[in-house]
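Quick note: the coordinates plus some simple rules give every number you see, no bench work behind them. Just so it is clear, the model here is predicted, and its values are computed rather than measured. Here the Cβ positions follow ideal geometry from the backbone for every residue, glycine too, while neighbour counts run over all protein chains shown.
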Amino acid sequence: MRANDVLGSRAFSLLGLGECMVELCADVPLGVAHVLRRSYGGDVLNSLIAAARLGGRCGFISRVGNDPFGAAMRQSWSDEGIDVSHSPLVPGDNGVYFISVDDAGDREFSYRRKDSPASHLAASELSESYIASSEMLLLSGITQALSASARESTLVAAQIAKRHGVKVAFDPNYRSRLWATQGGLNAARDAMRELAPFVDWLLPSHPADTVLLSDHASELPIDDFAGSAESLQGFSALCPQVALKVGARGCRLHTPIASTHVDGVKAAKVIDSTGAGDLWNGSFLIAVIRGETPVNAATAAHHLAASKLAYRGAIPPLSLYGSSR
Ligand SMILES: Nc1ncnc2c1ncn2[C@@H]1O[C@H](COP(=O)(O)OP(=O)(O)OP(=O)(O)O)[C@@H](O)[C@H]1O
Ligand SMILES: [Mg+2]
């Protein structure tokens, strides 16, 4: 057990449900790239890695394809200290995404994840006792958007958590291209609303997720910082505790006690923002689980997220965590 492991009576601090994909990353536009670096990433998994590196006891609930990447992917999560007992290796090819980030920080993405093993997540395969063994469960709109059965699994996992007094955190992480195959924006809105009654911490981003709030999103001044105050109000009508990430501006927090803005931290270098929000979630949640105030938890998360920006890829090197471990 690591020195700063989270104290608590349950076996796990944070479990997450989601999909991890193979990442193939280039430094030049994908169409002309000769060399791609292989890694892996997925929003919930990225958050779990951050939480584990900060001393949390974490586990990933997923399905992993038995292609040439699957076993190594599971092993690397284990090496991070993440429990993979509920991420079985199953027949199938894992999802893959291609990403390029050029020197100006411009990003290109291309995904191949249709019918991936994780899109066959099924509520009937969830283990009630496993979910009940955690302090908190992290869920995502990206998992909901994988398929009807992954959306149902997300809802059922939240219901199980609620029954056992496990806190639920949810990042809507709205991705229009992914939702396009699952009913579009209205389906994403419905999926967020069906889950909201079970959520203790809502972790959206502004402006990316603000579009989920209203049928008339264009009426919100969504692209400016002032618009994020209105966005926070909208999300807080759905959930008692909200941490709304606002990029370089930091975040806005809402709890039944107060609404506050916590300034971001100036990044020394901005190369790639991929996964910054996920790392922020993992860092924020593990601090909250430890009993930190939301403001302190957000401040720590801002520092880590800002330092991640200097690195390419969804998961930054372990050295980023230096003194936090
Ligand atoms: N340019 C920046 N400078 C400093 N900090 C940043 C910057 N961009 C992001 N951050 C940090 O990362 C956190 C999350 O950023 P953001 O709001 O972009 O999340 P996100 O949209 O969920 O990201 P993603 O889903 O792509 O991982 C912010 O709250 C902030 O702490
Ligand atoms: Mg995000």
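Take the eigenvalues of the Cα gyration tensor for the chain, scale each by 5, and report the square roots as semi-axes in whole Å, largest first.
Ellipsoid semi-axes (Å, largest first): 25, 24, 22.
For the chain, modelled as a GNM with alpha-carbon contacts under 10 angstrom, which of ILE49, ILE257, ILE142 fluctuates the most?
Looking only at ILE49, ILE257, ILE142, the biggest GNM fluctuation is shown by ILE257.
Shape verdict for region 197-325, please, from the Cα gyration tensor: rounded (a/c under 1.5), prolate (a/b greater than b/c) or oblate.
Cα axes put region 197-325 in the oblate bin.
Longer than 22 Å from Cα to Cα, which of LYS167/LYS308; LYS266/LYS308; LYS245/LYS308 are they? Say none if no pair is.
Pairs exceeding the cut-off: LYS167/LYS308.
Apply the Karplus parameterisation 6.51 cos²θ - 1.76 cosθ + 1.60, with θ equal to phi minus 60°, to every residue of region 263-274 and state each ³J(HN,Hα) to the nearest whole Hz, in sequence, with x for glycine and proline.
Per-residue couplings from phi come out as 4, x, 10, 5, 7, 5, 8, 10, 9, 7, 8, 3 Hz.
Could you tell me the center-to-center distance, by alpha carbons, between region 24-52 and region 92-112 in angstrom?
7 Å
Can you list, largest first and rounded to whole Å, the semi-axes you get for region 79-142 by taking the square root of 5 times each eigenvalue of its Cα gyration tensor?
The answer is 29, 17, 12 Å, longest axis first.
When Lys and Arg each count +1 and Asp and Glu each count -1, what net charge do the other residues less than 13 Å away from LEU15, Cβ to Cβ, add up to?
Net of charged neighbours comes to 0.
Mind checking which of PRO256, PRO88, PRO197 has the largest fluctuation in a GNM of the chain, springs on alpha carbons under 10 Å?
Greatest mean-square fluctuation among the candidates belongs to PRO256.
When Rg is the radius of gyration of the Cα atoms in region 13-166 and Rh is its Kirkwood radius, what does Rg/Rh come to?
So for region 13-166, dividing Rg by the Kirkwood Rh gives 0.99.
Given 4 °C and 1.567 mPa s, compute D for region 256-309 with the Stokes-Einstein relation, Rh being the Kirkwood radius over Cα pairs; round to the nearest whole µm²/s.
Rounded to a whole number, D works out at 112 µm²/s.
If I take all pairs of Cα atoms in region 82-197, what percentage of them are more than 21 Å from each other?
For region 82-197, the fraction of Cα-Cα distances above 21 Å is 44 percent.
For Cα pairs less than 8 Å apart in space and 6+ apart in sequence, what is the mean separation divided by the residue count of the chain, i.e. the relative contact order in percent?
16 percent
Using the Karplus equation 6.51 cos²θ - 1.76 cosθ + 1.60 (θ = phi - 60°), what ³J(HN,Hα) coupling, rounded to whole Hz, does each residue of region 155-164 give in order, writing x for Gly and Pro?
Result, rounded to whole Hz: 5, 5, 4, 5, 5, 4, 4, 4, 4, 10.
Round to a whole angstrom and tell me the spacing of the C-alpha centers of region 123-152 and region 253-325.
Between the Cα centre of region 123-152 and that of region 253-325, the gap is 24 Å.
Pick out which of GLY55, GLY41, GLY234 has the largest mean-square fluctuation in a Gaussian network model of the chain, springs linking Cα atoms closer than 10 Å.
Most flexible of the set in this elastic network: GLY234.
With r as the distance between the Cβ atoms of ARG163 and LEU89 and R0 = 25 Å, compute the FRET efficiency 1/(1 + (r/R0)^6) and round to 0.05.
The calculated FRET efficiency here is 0.30.
What share of Cα pairs, in percent, lie more than 11 angstrom apart in region 40-86?
Everything past 11 Å amounts to 64 percent.
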